[in-house]
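Since the structure comes first, as structure tokens, the remarks are kept for the end.
The values are calculated or read from the model by the stated rules, or taken from the named source; none is laboratory data. Being a predicted model, the structure only gives us computed values, none of them experimental. Cβ atoms come from the backbone with ideal geometry, glycine included; neighbour counts cover every protein chain shown.
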Amino acid sequence: MRLETKAQWQRHWLSEVSDTGTGGGPGGQPLEGTTFDLLLNTLTLDVLAHHAAGGEAHVQGTVGVSGVYQVNHTRGPVPLVPDARARSAAAFVFEELALARGRWSLLTGGRIDLRRLTADSPPTRTPRSPSAPSGGITPRFPAP
């Protein structure tokens with residue numbers, strides 16, 4: 001069995017400065033101020049276990065989990081988007097069974113995804129938590 005892990009952190013900051021239109025600076029120059037200020041932090045993590053069983057790897061596949069955590073903060077006088085948190089997780093399995101000395105194989109897999117999204121305003125909003133399972137079985141054979 002071979003274990004594979006991947007992790008990433010991403011920080012994105014976006015800010016806009018414009019004329020405030022209130023008063024004037026030295027020499028009649030307009031004053032400038034922050035219009036909006038948005039900060040987005042995203043963390044991701046994947047853990048995969050690759051395996052093979054049987055003398056000639058009759059069964060091989062991957063089992064794994066994945067997760068994402070994202071937070072955005074809106075700062076400044078213009079709220080570009082509401083402050084929010086998004087969390088998601090997934091678990092999956094993919095297997096391949098070799099048949100007829102490897103001339104045929106049967107592929108199967110499944111996955112389930114969970115997600116939760118919460119926003120700070122307006123306060124009457126309720127968190128959203130969709131989930132989505134999926135899966136399938138596919139025969140694979142050589143082309144003639």
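Overview of values
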item: Subset tally (residues that are in a strand (DSSP E or B) and either surrounded by fewer than 16 Cβ atoms within 10 Å (Cβ to Cβ) or without any contact (Cβ under 8 Å) to a residue 24 or more places away in the chain (or both)) for the stretch 74-84; result: 1
item: Meets criteria (touching a residue at least 12 places away in the same chain (Cβ under 8 Å), closer than 19 Å to H12 by Cα, among the hydrophobic types (A, V, I, L, M, F, W, C) and surrounded by 16 or more Cβ atoms within 10 Å (Cβ to Cβ)) for F36; result: yes
item: Tally, over the stretch 97-107, of residues that are surrounded by 11 or more Cβ atoms within 10 Å (Cβ to Cβ) and either more than 26 Å from the chain's Cα centre (by Cα) or modelled with pLDDT of 90 or more (or both); result: 7
item: Given (1) surrounded by 13 or more Cβ atoms within 10 Å (Cβ to Cβ); (2) modelled with pLDDT of 75 or more; (3) within 28 Å of H12 (Cα to Cα), number of the condition R125 does not satisfy; result: (2)
item: Selected residue [in contact (Cβ under 8 Å) with a residue 12 or more places away in the chain, farther than 30 Å from F36 by Cβ, exposed (fewer than 14 other Cβ atoms within 10 Å of the Cβ) and within 23 Å of the chain's Cα centre (by Cα)] from V93, V65; result: V65
item: Criterion (more than 30 Å from S105 (Cβ to Cβ), at pLDDT 90 or above, of a type in the set (A, V, I, L, M) and part of a strand (DSSP E or B)) met by exactly one of L40, L48; result: L40
item: Which numbered condition H58 misses (of (1) more than 12 Å from E4 (Cβ to Cβ); (2) within 19 Å of the chain's Cα centre (by Cα)); result: (2)
